[in-house]
Amino acid sequence: MSARRQPIVAVLGHVDHGKTSLLDHVRSLGDQGRSSVMDREAGGITQHIGATEVPSEILNELCAPLLGGKKFDSPGLLFIDTPGHHSFSSLRARGGSLADIAILIIDVMEGCRPQTRESLRILKQSKTPFVIAANKVDRIYGWDCKAGRSMARSLKEQTREVSDLFEKRYWDLVGQFAEDGFNLERYDRVKDFTKDIALVPISAREGEGIQDLLAVVIGLAERYLSEQLMDIDGRGEATVLEMKEERGLGKTLDLILHRGSIKKGDEIVLVSQRGATSTHVKGLFSPRGMSEMRDAGDRWDDTEEVFAAAGVKISAPSLEAVLVGTTLRVVTNEEEKMEALEEANIEANLSIDLEEEGVCIKSDTVGGLEALAKELNEIGVPIRDASIGKVSRRDVRSAEASSDPLHRTIMAFSTDILEEAEQEIDNSDAGVKHIGSDIIYRILEEYESWIEERKIELEEERREMVVYPGRIMLLPDHTFRVSKPAVVGVRVIAGRVHIGQGLLKDGRRIGRIKSIRSGQESMKEARQGSEVAISIEGVTVGRQVDEGDVLLVDIPESHARKLRKMEMTQAEMEVYEELLSIHRKEDHFWGR
């Protein structure tokens, strides 16, 4: 066994920028190479997390032209292929990122896309060092691509025109990454890897520049991460990637073992929905050769013991309630077991601060839930309920119970909603909103948009219940009935008028609006700019009022208090102030 473990490398990037293509090429290297996973993926997009081991012999052989006779110290690389940044956020070890280093793959023709920026945010939060793989250089017009050629040679052998086109794309990327606070530099020009992010141009499809990328990744890991790569002793620790039902084995767990070792018969402590639980390893399986875990098929070797870092499958009793994204701990004595159970219980109790009032959040993993909670905390959104799993009817009822209508929201990160829960939302009168996505920033964006729309709706509802002030003018030659009640045509010149409101002339109450009509249509209210016919009880045209008169539309005192807290137009505000002045001549505290 080596004195250091192999670095764990996460591959991230926007959909269709080439994550799986890159790993397909890596897996095709050497005598143990396997056929394309991508051919068997739905639409060519990774559907599950997977792990692929690449031995040092293959790396040394591939990168030999760049190493000048040197050899890598690491026993190899363990690549983690993720369906998106959200899986990366769930890959944790000892409170930090499970990955030692990351490759952020980006289409050189498309530049930064939404998931690229999301990945950058998570890499920054987790403080994971990373390298940029600028993929699809073969799509640059005129680019001469040769399979297996190093990028160092390729860049020298392109024509001047092609080099200029590449430089333009490169500087576009430099500008885009600068917006996020990263200093990008081409890998062969980097002077200080702690200050600059290395960019390696590649063609994953044609296999050009791959050795440059791998040499930079493993070189960085060995130079800057040597201490954590030698942290291999002690009890085994692994992160649960996925739970599966395997024929003949029952429930199994796919793991990344990042510390120590695990063997058949070991007692293990896991994190379940009910808290800490312990069981024993019954079966232990490693993907054969360079098979990728989620696509190994029957290429699994039954093995007795596995050492970090490695992808491994285990079978064991009582795995049903285990939470994906949590830690598996190997224990060898009662003291270790008690300590591990305590740590697992702490992990089961989500480290999310809950409030009496707030939104509900859901995710498929603990890490995903915590990542969403962290983002919400940063923008000041309180959380009253947080749990793992699909959105259920219970979650909808919990959201309904919120006293603040703006908190009746369920945000679901990378998890589905059950049909019964959707029906519950459709039948709810409380205005519950479900927002689901595999990208955190999209959840936040949709929530912000919904908040704006909901505020307007709630404001409209409040406005409908509150009587607003107004000013009307009796139109000349529009008296349809002189009295009992008087029916006249008016123009609303400020604010609005409602049925039942009193009218003031020169500060004195003169009558009340009985009805409002526009043509044959009856109306409850009319707003500024409208011309309508109103019937007025208690007045006679030619006595109390005349055509051309301007009248104030009065408001009840209780509504005057409510209006103080609400937004009004400038015209409504002017009428409101005039009404306050009139009423306060008789009662100094009116409307306060």
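The values are calculated or read from the model by the stated rules, or taken from the named source; none is laboratory data. For clarity, every value in this text was computed on a predicted model and none was experimentally measured. No Cβ is skipped: glycine too gets one built from the backbone with ideal geometry, and neighbour counts run over all protein chains shown.
If you check Met243 against the conditions, is it surrounded by fewer than 23 Cβ atoms within 10 Å (Cβ to Cβ) and either free of Cβ contacts under 8 Å to residues at least 12 places away in the same chain or within 20 Å of Val324 (Cβ to Cβ) (or both)? When the stated conditions are applied, Met243 passes them. Tallying residues that are of a type outside the set (A, V, I, L, M, F, W, C), within 16 Å of Ala316 (Cβ to Cβ), over 26 Å from the mean Cα position of the chain (by Cα) and not in a loop (DSSP other than H, G, I, E, B) within the range 238-260 yields 5.
If you go through the range 191-215 and keep only what is farther than 19 Å from Lys127 by Cβ and aliphatic (A, V, I, L, M), you end up with Leu199, Val200, Ile202, Ala204, Ile210, Leu213, Leu214, Ala215. Cβ-Cβ distances below 7 Å connect the following pairs, each with a first residue in the range 64-77 that is over 21 Å from Arg149 (Cα atoms), a second residue that is hydroxyl-bearing (Ser, Thr, Tyr) and in a helix (DSSP H, G or I), and a separation of six or more residues or different chains: Ser74/Ser56; Pro75/Ser56; Gly76/Ser56. Within the range 318-343, if we keep just the residues that are more than 31 Å from the chain's Cα centre (by Cα) and among the hydroxyl-bearing types (Ser, Thr, Tyr), the residue that is surrounded by the fewest Cβ atoms within 10 Å (Cβ to Cβ) turns out to be Thr332. Being at pLDDT 90 or above, on the phi < 0 side of the Ramachandran plot and surrounded by 14 or more Cβ atoms within 10 Å (Cβ to Cβ) holds for only one residue in Leu551, Leu563, and it is Leu551. Please determine whether any residue of the range 151-170 is among the polar types (S, T, N, Q) and not in a helix (DSSP H, G or I). Yes, because at least one residue in the range 151-170 is among the polar types (S, T, N, Q) and not in a helix (DSSP H, G or I). All conditions in (1) out of contact with any Phe, Trp or Tyr (no Cβ under 9 Å at 6 or more places or on another chain); (2) more than 20 Å from Val575 (Cβ to Cβ) hold for Ala533, with the sole exception of (1).
All conditions in (1) touching a residue at least 24 places away in the same chain (Cβ under 8 Å); (2) surrounded by 11 or more Cβ atoms within 10 Å (Cβ to Cβ); (3) hydroxyl-bearing (Ser, Thr, Tyr) hold for Thr194, with the sole exception of (2). Every condition in (1) of a type in the set (D, E, K, R); (2) in a loop (DSSP other than H, G, I, E, B); (3) closer than 30 Å to Arg5 by Cα holds for Lys146 except the one numbered (3).
Looking at this structure, is Pro201 modelled with pLDDT of 95 or more and either within 17 Å of Ile106 (Cα to Cα) or buried (at least 18 other Cβ atoms within 10 Å of the Cβ) (or both)? Yes: the conditions hold for Pro201.
At least 2 residues being touching a Phe, Trp or Tyr at 6+ places or on another chain (Cβ under 9 Å), surrounded by fewer than 17 Cβ atoms within 10 Å (Cβ to Cβ) and at positive phi is the threshold, and among the strands (runs of 3 or more DSSP E) wholly inside the range 422-524 not one reaches it. The residue of the range 566-583 that is nearest to Ile516 (Cα to Cα), among those that are surrounded by fewer than 17 Cβ atoms within 10 Å (Cβ to Cβ) and hydroxyl-bearing (Ser, Thr, Tyr), is Thr569. Against the test of being part of a strand (DSSP E or B) and outside the structural domain of Gly511 (by TED's automatic domain parsing), the options Ala386, Ala399 yield a single qualifying residue, Ala386. Across the range 543-559, what is the total count of residues that are small (Gly, Ala, Ser) and farther than 17 Å from Glu578 by Cα? Total meeting the criteria: 1. Is it the case that Ser392 is closer than 28 Å to Leu270 by Cα, at pLDDT 90 or above and touching a helix residue (DSSP H, G or I) at 6+ places or on another chain (Cβ under 7 Å)? Considered against the rule, which asks whether it is closer than 28 Å to Leu270 by Cα, at pLDDT 90 or above and touching a helix residue (DSSP H, G or I) at 6+ places or on another chain (Cβ under 7 Å), Ser392 comes out as yes. Each residue in the range 177-195 was checked for being in a loop (DSSP other than H, G, I, E, B) and of a type outside the set (Asp, Glu), and 8 of them qualify. Among all residues of the range 128-143, there is at least one that is modelled with pLDDT under 90 and not hydrophobic (A, V, I, L, M, F, W, C). For the range 537-561, a residue qualifies if it is in contact with a helix residue (DSSP H, G or I) (Cβ under 8 Å, 6 or more places away or on another chain) and part of a helix (DSSP H, G or I), and the qualifying residues are Glu557, Ala560.
Regarding Val541, is this residue in contact with a Ser or Thr (Cβ under 7 Å, 6 or more places away or on another chain) and free of Cβ contacts under 8 Å to residues at least 60 places away in the same chain? In short, no.
Inspect all residues belonging to the range 193-206 and state whether any of them is of a type in the set (S, T, N, Q) and under 24 Å from Glu61 (Cβ atoms). Looking through the range 193-206, at least one residue is of a type in the set (S, T, N, Q) and under 24 Å from Glu61 (Cβ atoms). If I filter the range 584-592 for residues that are buried (at least 16 other Cβ atoms within 10 Å of the Cβ) and among the charged types (D, E, K, R), do I get at least one hit? Scanning the range 584-592 turns up no residue that is buried (at least 16 other Cβ atoms within 10 Å of the Cβ) and among the charged types (D, E, K, R). For Val131, the test of being under 15 Å from Val108 (Cα atoms), in the same structural domain as His14 (by TED's automatic domain parsing) and surrounded by 13 or more Cβ atoms within 10 Å (Cβ to Cβ) is passed.
The residue that is farthest from the chain's Cα centre (by Cα), among those in the range 271-317 that are in a loop (DSSP other than H, G, I, E, B), of a type outside the set (A, V, I, L, M, F, W, C) and modelled with pLDDT of 90 or more, is Glu304. The single condition among (1) within 30 Å of Glu459 (Cβ to Cβ); (2) assigned to a helix (DSSP H, G or I) that Arg394 does not meet is (1).
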